[in-house]
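Report on one structure; see the data block that follows.
Please treat every number below as a calculation from the coordinates, not as lab data. Since we're looking at a predicted model, the values are computed, not measured. In this analysis, Cβ positions are derived from the backbone assuming ideal geometry, glycine residues included, and neighbour counts consider all displayed protein chains.
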Amino acid sequence: MSKIIELHSTVKHGDLAGIRALLDENRALANSRSESDARGTYPLHVAAEFGQEDAARVLLQYGADVSLLDLENNAIALGWAAFFGRPEVVAILLEAGSKPSQRNKHGLTPLGCAVGGTQGRWKKFSDATLEDWQRAVEIIRAYGGVE
C-alpha cells in the first residue's frame, strides 16, 4: 500500500498516531491527492467527509492546505464538511483560514451546502442530523459566509 493511500485510510478512521507517524516521515503527504479515490480528494477532504475533527487538526499542524480543490466538485474541504454535515470540522477549517464563501463547480458555497443539508437534500450521502447541518450553517454564518 502506498503511503498516500495509507494516510487517507488513517485519516478516515481517525488513527491519530498513524497520521502523525506518516507525516513525521513525510510532511508533504498532508497535501497528497488520493491515488484511489476518483473524486480526487486530499486528506482534509477525507477528514471532512468522515467527521474526523482531531485528524483535521493534526493535518493542519503538519501544513495541510485548506484551499486545495477536489477533482469531482472543485470544492475545498470546508465545502465537504458543510455538505456532509460535520460542524466540528467546519469550525476547525474556518479557524484555519478557509474561505467561508468559496464556490464549487456547482455554484454552491459551503453555506449553500450546509443549508441544503438542513433541507434534507444530502441525507442519502451522510449520516449527519438536521441539527448537525444547522450548526454548520450557524458556524459558517458567524464567519461571514454567504449563499
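List of remarks:
- Along each principal axis, Cα extent of the chain, largest first, Å: 41, 27, 24
- Counted by Cβ distance under 13 Å from residue 146, the other residues give a net charge of +2, where Lys and Arg count +1 and Asp and Glu count -1.
- Overall form of the range 88-147 per C-alpha gyration tensor (a/c, 1.5; a/b vs b/c): oblate
- Ranking 117, 59, 17 by Cα position along the charge dipole of the chain, where only Lys, Arg, Asp and Glu carry charges on their C-beta atoms, puts 117 farthest toward the positive end.
- You can think of it this way: the chain between residue 27 and residue 39 has 2.1 nm of extra reach, that is 0.36 nm per residue less the Cα-Cα gap.
- Net lengthening on full extension, residue 9/residue 124 (0.36 nm per residue, minus Cα-Cα): 39.2 nm
- Alpha carbon centroid spacing (whole Å) that separates the range 70-145 from the range 16-43: 22
- Positive-pole candidate from 2, 133, 102, dipole of the chain, charges at beta carbon: 102
- Placing +1 on the Cβ of every Lys and Arg and -1 on the Cβ of every Asp and Glu, with no other charges, gives the chain a dipole of roughly 400 debye about its Cα centre.
- Estimated purely from DSSP H runs of n ≥ 4, each contributing -39500 (n - 2.57), the mean residue ellipticity at 222 nm for the chain is -14500 deg cm²/dmol once divided by its residues.
- Taken over the alpha carbons of the range 21-86 as equal point scatterers, the Debye sum produces base-10 log I(q)/I(0) values at 0.20, 0.28 Å⁻¹ of -0.72, -1.30.
- Modelled FRET efficiency - R0 30 Å, residue 95 with residue 16, Cβ distances, 0.05 increments: 0.95
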